[in-house]
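Report on the structure given below.
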């Protein structure tokens, strides 16, 4: 019988020769996910909403990896297909998909407008489903693949003033589980990361509010906000061979927020 120590290697965390699509991977947490995958050895295709990708390109190329940027509207079928086509034309395959792109609009429930609901759901849920569906077709033919969705603390909780964001992130959790049920037997793993409170440009106004900051940090057992780097290990794990028997899981990276 093979020694259990011989069944595992730290190389299981390496992504050499892999190709990853990261949506919204040019800024914020998406940039962190993309750079982490590059550090582990993957080449990248990054979909963006704007043109600000020079910093991300430099960070990835510094790792000796290739990166392609595709400006695309992921709420449109044509935009999603442009991203996939770019990956297939340049690399010939897609091993990893990180569904990071998303948006949030804050308004009290009774004042929430239908167009705002639709805008949030279109990118946070619909785009995730349809892009994953198309990439999964490629992965089935390849015989392997990793899809990593980005969930939220509001995949577990209700929140306030963000009803469609909450609904969409509950939906992301559901999509993750549903895809796993149908694709696990195809050697495709679909999981999600649920970030807690992270130090980013988007959360800077909250952190600047001393009362709100104290309220949040007081509930985090780790007693600190996360750095973007705290999420980088999670995305590498879920993208790598090390997680081949992890499927349909929502991994909270929250310093213990949910258990408080």
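Derivation of every value follows stated rules applied to the coordinates shown; laboratory data play no part. Because the structure is predicted, anything quoted here is derived from the model rather than measured. All Cβ positions, even for glycine, are placed from backbone atoms using ideal geometry, and neighbour counts span all protein chains on display.
Please order 37, 110 by the number of other Cβ within 10 Å, starting at the fewest.
110, 37
With angles folded into 0 to 90 degrees, how steeply does helix 163-183 sit against the dominant principal axis of the chain? Use alpha carbons for both and round to 10.
20
State the three equivalent ellipsoid semi-axes of segment 128-260, derived from the C-alpha gyration tensor as the square roots of 5 times its eigenvalues, in descending order and whole Å.
Value: 30, 16, 12 Å, ordered largest first.
With a cut-off of 8 Å between alpha carbons and a minimum separation of six or more residues, what is the relative contact order of the chain in percent?
19
If the viscosity is 1.306 mPa s and the temperature 10 °C, what translational diffusion coefficient in µm²/s does Stokes-Einstein give for the chain when Rh comes from Kirkwood over Cα pairs?
84
Which of 86, 152 comes first, and how do the rest follow, when ranked by fewest Cβ neighbours within 10 Å?
With the fewest neighbours first, 86, 152 line up as 86, 152.
Compute the angle between helix 77-91 and the longest alpha-carbon principal axis of the chain, please, reported from 0 to 90 degrees and rounded to the nearest 10.
Once rounded, the angle reads 40 degrees.
For segment 90-145, take the convex hull of the Cα atoms, compute a quarter of its surface area, and give me that in nm², please.
Across all orientations, segment 90-145 yields a mean hull projection of 4.8 nm².
So if the hydrodynamic radius of segment 40-186 is defined as the Kirkwood radius over C-alpha pairs, what does Stokes-Einstein give as its diffusion coefficient at 10 °C and 1.306 mPa s, in µm² per second?
96
Rounded, prolate or oblate: which fits segment 153-218 when a ≥ b ≥ c are the square roots of the eigenvalues of the alpha-carbon gyration tensor, with rounded for a/c under 1.5 and prolate only if a/b beats b/c?
Prolate is the answer for segment 153-218, as a/c is 1.5 or above and a/b outweighs b/c.
Determine by what factor the alpha-carbon radius of gyration of segment 37-124 differs from 2.2 N^0.38 Å, reporting the quotient.
Taking N as the residue count of segment 37-124, the ratio is 1.31.
In whole Å, what is the distance between the alpha-carbon centres of segment 28-93 and segment 123-189?
What the calculation gives is 19 Å, centre to centre.
When DSSP assigns beta bridges and you keep just the ones with both residues in the chain, what percent turn out antiparallel, to the nearest 5?
Antiparallel bridges make up about 0 percent of those DSSP assigns within the chain.
Can you compute the label reach from residue 106? Point 7 Å from Cα along the Cβ direction, backbone N cut-off under 17 Å, restricted to segment 163-188.
Within reach of a label on residue 106, which here means backbone N under 17 Å from a point 7 Å along Cα→Cβ, segment 163-188 contributes 163-167.
Going by average Cβ density within 10 Å per residue, which order do the peptides 12-21, 90-99, 250-259 take, highest to lowest?
Most protected by this proxy first, the peptides run 90-99, 12-21, 250-259.
Under 8 Å for C-alpha pairs, at least 6 residues apart: give me the relative contact order for segment 123-230, rounded to a whole percent.
Worked out over segment 123-230, it gives 27 percent.
To two decimal places, what compactness ratio does segment 1-42 give when its Cα radius of gyration is scaled by 2.2 N^0.38 Å?
Compactness ratio reported: 1.58.
Given a Förster distance of 22 Å, report the FRET efficiency between residue 229 and residue 57 from their Cβ-Cβ distance, rounded to the nearest 0.05.
In this case the efficiency is close to 0.70.
How large is the direction-averaged shadow of the alpha-carbon convex hull of segment 105-191, in nm²?
5.5
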